[in-house]
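Accompanying notes for the structure given below.
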Amino acid sequence: MNDLLIRNALLIDGLGAPPLRGDLLVGDGRIAALGSGLDARDAREVIDADGLALMPGIIDSHTHYDAQLTWDPGASPSPALGVTTAVIGNCGFTIAPCRRGDRERIMRNLTQVEGMSLEALRAGIRWDFESVPEYLDLLERSGTTPNVACFVGHSSLRSYVMGEAAVERAATEAEVAEMRRLLLEGMHAGAVGFATSTSPAHNGEGGKPMPSRLADEAELRSLVGSLKEIGRGLFMLTKGGQTRMDFLESLAAQSSRPVLVAALLHNSTNPDAVFADLDAIAAANGRGRRMVGAVSCCPLSFDFTLHSPYPIEGLEAWKPALGLK
Ligand SMILES: [Zn+2]
């Protein structure tokens, strides 16, 4: 006897095959049979899906739920849209590690770079943590609805170790060593990798670059290299146009870890760039590296005003008008 029969569903297998109407039988927590007209007497419970869609849970590989999950473990609205796993800490914009005195700055940066409401962040974030392990413990205790996979975030590591200087200069060897220690601490506590951003579009409060953008190649090489030590995890970055693919390939080679390159969006002002990046990723895989390009299944769009001109802050020609250097 099986546990569950779901009948008359529009079955979507998640592998790209055309949807089929049919039945799905579950036994011992696994799919026992797929077909049409499966026998209801084979299952303890029968659900008539009546034409609803039935599909594997969606893994949302690029979210910024880090703050929201502390007050909304349900990750609204993602589960209602079919998401069963959310990856957080993308671009390195985490909220841990964070000292008490740095909370306001981290929130103000998120307000700018991810368009979050400062009022919501101030009212909502449960600051029951300082370190990455303590943050992961908080998520565990609160029991998130979707599965959550968390990166250790480069910008937060930099702010924690370097304070205000995180948005002004490259790190010293001693500062890189301390970031490396904190990264490994997070990995040992269950983080899935290390995330950063080199994108000129990523600016924090006052249009200042997010801390990770001040990192030099030696800093990235050391931090990504630490994943080799642990033998687990991946390196995720949101790539600025100036970051060379051969550099990223060298990181994949040296760390023996996968490198996930986001966000490969088509840009009509530079229409070949994204395809050149995808070709470079394919070539690197041909040389035995593990590299993945993160693309979007729909166009990116967002609203802005000249009071909060996020999309144009990264454009050189606008900087004088915005009072930015
Ligand atoms: Zn992101």
Classified through the alpha carbon gyration tensor (a ≥ b ≥ c as square roots of its eigenvalues; rounded if a/c is under 1.5, else prolate when a/b is larger than b/c, else oblate), the range 86-234 comes out oblate
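For the ranges 83-90, 101-108, 33-40, what's the packing order if you count other beta-carbon atoms within 10 Å of each residue, average per peptide, and put the highest first?
Working: 83-90: 22.1, 101-108: 17.2, 33-40: 12.9.
Ranking the peptides 83-90, 101-108, 33-40 by packing returns 83-90, 101-108, 33-40.
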The helix 103-113 Cα axis meets the longest alpha-carbon principal axis of the chain at an angle in degrees, between 0 and 90 and rounded to 10, of 70 degrees
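Give me the extension gain from R181 to S301: residue separation times 0.36 nm, minus the current Cα-Cα distance, reported in nm with one decimal. Provide the component values of the computation, followed by the final result.
Numbers: separation 120, 0.36 × 120 = 43.20 nm, distance 3.77 nm.
Net length gain for the segment: 39.4 nm.
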Here, trypsin sites (Lys or Arg not before Pro) of the range 115-195 satisfying both criteria (DSSP loop; at most 14 other Cβ within 10 Å) are R126, R169
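Residues with beta-carbon under 12 Å from that of L139, excluding L139: net charge, scoring Lys, Arg +1 and Asp, Glu -1? Please report the intermediate quantities before stating the final value.
Values: positive: R126, R141; negative: D66, D72, D128, E134, D137, E140.
Overall, the nearby charge balance is -4.
Cβ under 14 Å from E249's Cβ, E249 left aside: what net charge do those residues give with Lys, Arg +1 and Asp, Glu -1?
Numbers: positive: R221, K239, R244, R257, R287, R289, R290; negative: E217, D246, D277, D279.
Spelling it out: positives minus negatives among the neighbours equals +3.
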Computed over the chain: longest principal axis from alpha-carbon atoms vs helix 173-188 long axis, angle to nearest 10 degrees, is 10 degrees
Between V152 and residues 5 or more places away or on another chain, the pairs with built amide H atoms under 5 Å apart involve V192, G193, F194, A195
Of all DSSP beta bridges with both partners in the chain, the antiparallel percent, nearest 5, is 30 percent
Helix 273-286: inclination vs the chain longest Cα principal axis, degrees, rounded to 10, gives 70 degrees
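Taking Cα pairs under 8 Å and at least six residues apart, what relative contact order does the chain come out at, in percent? Intermediate values should be presented prior to the final figure.
Values: 589 pairs, mean separation 41.1, N = 325.
It rounds to 13 percent for the chain.
Can you show me the helix-derived [θ] at 222 nm for the chain, built from DSSP H runs with n ≥ 4 at -39,500 (n - 2.57) apiece and divided by the number of residues, rounded to the nearest 500. Write out the running numbers ahead of the final one.
Numbers: 11 runs with 105 residues, N = 325.
The helix contribution divided over the chain gives -9500 deg cm²/dmol.
Find out how many positive minus negative residues lie around M1, taking Lys and Arg as positive, Asp and Glu as negative, among other residues whose Cβ is under 13 Å from that of M1. Spell out each step's value before the answer.
Values: positive: R41, R44; negative: D3, D28, D39, D42, E45.
Once positives and negatives cancel, what remains is -3.
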If the label point sits 7 Å along Cα→Cβ of R126, residues of the range 50-85 with amide N under 14 Å come out as 67-75
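Relative contact order for the range 1-91 using alpha-carbon pairs under 8 Å, separation at least 6, rounded to a whole percent?
On the way: 164 pairs, mean separation 26.2, N = 91.
Relative contact order for the range 1-91 comes out at 29 percent.
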The range 1-29 scanned against label point 7 Å out from R44 along Cα→C-beta; backbone N under 13 Å for 1-5, 26-29
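Assuming a ≥ b ≥ c are the square roots of the Cα gyration tensor eigenvalues, decide whether the range 58-322 counts as rounded (a/c under 1.5), prolate (otherwise, with a/b larger than b/c) or oblate.
Values: a/c = 1.22, a/b = 1.09, b/c = 1.12.
It is rounded, given that a/c, with a ≥ b ≥ c, falls under 1.5.
Work out the FRET efficiency for I312 and M1 from their Cβ-Cβ distance, taking R0 = 41 Å, and round it to the nearest 0.05.
Numbers: r = 63 Å, r/R0 = 1.53.
The formula returns an efficiency of 0.05 here.
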Taking R0 as 41 Å and r as the Cβ-Cβ distance between H188 and L322, the FRET efficiency 1/(1 + (r/R0)^6), rounded to the nearest 0.05, comes to 0.45
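Every number in this text was worked out from the coordinates using simple rules, so none of it is lab data. No experiment lies behind these values; they were computed from the predicted model shown. As a convention, Cβ positions derive from the backbone with ideal geometry for all residues, glycine included, and neighbour counts pool all protein chains shown.
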